[in-house]
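What follows is a single structure, written as structure tokens, with notes after it.
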Ligand code: PLP
């Protein structure tokens, strides 16, 4: 089956009891078992698994071409469960441009567990190669947040495996509609399903999709069950509903973002547009080879620096000033302002999540924003 069909049907078997096409939400925390705790219908206690999450896991595994998947209360819960399942002494490589949460986990929490983390520019394979000695896991994020850097997943997988390491890939920006890291050699894919999977800015969640249902999956699943980082059944149901329209939404996110990137690239107030779909983007060739389209995220650098960036965000009317991404509505964010006391993003940078509004309304709004700079 093709991805568009899988997105609509995977994990969507009609309810056996009623024939309902929309799956039931099972809120039960406990399930009847036999006198010696024999499982009657496969479930015992919600923290160890529930039918609604199982449907979502089946759908995510199908879309990523994975053997199996796990779902979590947030993207960060998924990321932590994987990284914290590494043994003390393990060394991890993360990208120098990545989601702030990963950076905070790497500097503030993983070292306490004896996991050493180094960051490297993953768009530069030579730099990764020279940082690979003794590495247990390489973490890729492509396209990256917020600079939209592109990493060659196939080359990175070869490098990781040659060093006996695993490759994990945060596929939140691309989604499996645009990029399937497991098919390119990655071992685990991570998602903040809060973003495009949920798709409506109303449900937090995370997922890991595994190439094999082996030891790593078993370790992380055990960690999830014991530490209780579960996704609530209602959130699983909303996220599963999001899967159904994911390919259709991604098509419009991509076409709107491409038009906006081309428009902004031509404006004198803009110093640079980071969008892998632009031929001038340094990762364009790699993105073309490993992605079906270039996604709905971009970032821009304003010639007028922080002042111009804030003037622009303040003047936008259709784009909301808000964090997060992947919803129907367009969002803009001055990343440095939300990154706390020591921001890593430059002051001239705005990150844009392109939504599903009419493209002309979005372009007119951006033109108005630029006039205010
Ligand atoms: N990965 C990326 C690329 C993200 O953008 C985010 C959140 O913005 C996360 C992971 C963390 O996900 P969550 O907010 O669902 O914990």
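Quick notes on this one:
- The range 110-153 shape via C-alpha gyration tensor axes, a/c threshold 1.5: oblate
- Degrees between helix 305-315 axis and first principal axis of the chain (Cα, 0 to 90, nearest 10): 70
- Gain in span if fully extended, residue 315 to residue 109, counting 0.36 nm per residue against the direct Cα distance: 70.3 nm
- Label-zone membership for the range 203-234, site residue 28, 7 angstrom Cα→C-beta point, backbone N under 15 Å: 233
- Across the range 312-373, the fraction of Cα-Cα pairs farther apart than 15 Å, rounded to a whole number, is 50%.
- Base-10 log of normalised Debye intensity for the range 176-274 (one unit scatterer per alpha-carbon) at q = 0.10 Å⁻¹: -0.41
- Dimensions of the range 154-231 along the principal axes, based on C-alpha atoms and rounded to the nearest Å, stand at 41, 32, 15, largest first.
- Compactness of the range 126-191 as Cα Rg over 2.2 N^0.38 Å, two decimals: 1.04
- Counted over the chain with a bin width of 20 Å, the fraction of Cα pairs per bin, in whole percents, is 29, 56, 14, 1.
- For the range 237-373, the Kirkwood radius over C-alpha pairs fed into Stokes-Einstein at 10 °C and 1.306 mPa s yields D = 103 µm² per second.
- Share of pairwise Cα-Cα distances greater than 20 Å in the range 223-295 is 53 percent (whole percent).
- Here r is the Cβ-Cβ distance between residue 338 and residue 262 and R0 is 41 Å; the resulting FRET efficiency, rounded to 0.05, is 0.90.
- Ratio Rg/Rh [Cα only; Rh per Kirkwood] for the range 101-225: 0.95
- Segment residue 255-residue 222, length gained on full extension (0.36 nm per residue, minus Cα span): 7.8 nm
- Volume per residue for the range 58-124 equals 115 cubic angstrom (convex hull of Cα atoms).
- Using 0.36 nm per residue and subtracting the Cα-Cα separation, the extra length available between residue 38 and residue 118 on full extension is 24.2 nm.
- Nearest-ten-degree value, helix 233-265 long axis tilted from longest Cα axis of the chain: 20
- In terms of Cα atoms, the Rg and Dmax of the range 1-159 work out to 20.0, 60 Å.
- DSSP beta bridges in the range 47-196 [antiparallel fraction, %, rounded to 5]: 0
- When each of the peptides 331-344, 159-172, 18-31 is scored by the mean number of other C-beta atoms lying within 10 Å of its residues, the order from highest to lowest reads 159-172, 331-344, 18-31.
- The angle separating the long axis of helix 153-162 from the principal Cα axis of greatest extent in the chain is about 60 degrees.
- With eigenvalues of the C-alpha gyration tensor scaled by 5 and rooted, the range 301-343, Å: 18, 15, 8
- Separation in nanometres of the label points that stand 7 Å from Cα toward Cβ, at residue 329 and residue 129: 4.8
Every number here is computed from the coordinates shown, using simple stated rules; none is lab data. Quick caveat, the model's predicted, so the values are computed rather than measured. Cβ coordinates were reconstructed from backbone atoms using ideal geometry, including for glycine residues, and neighbour counts include every protein chain displayed.
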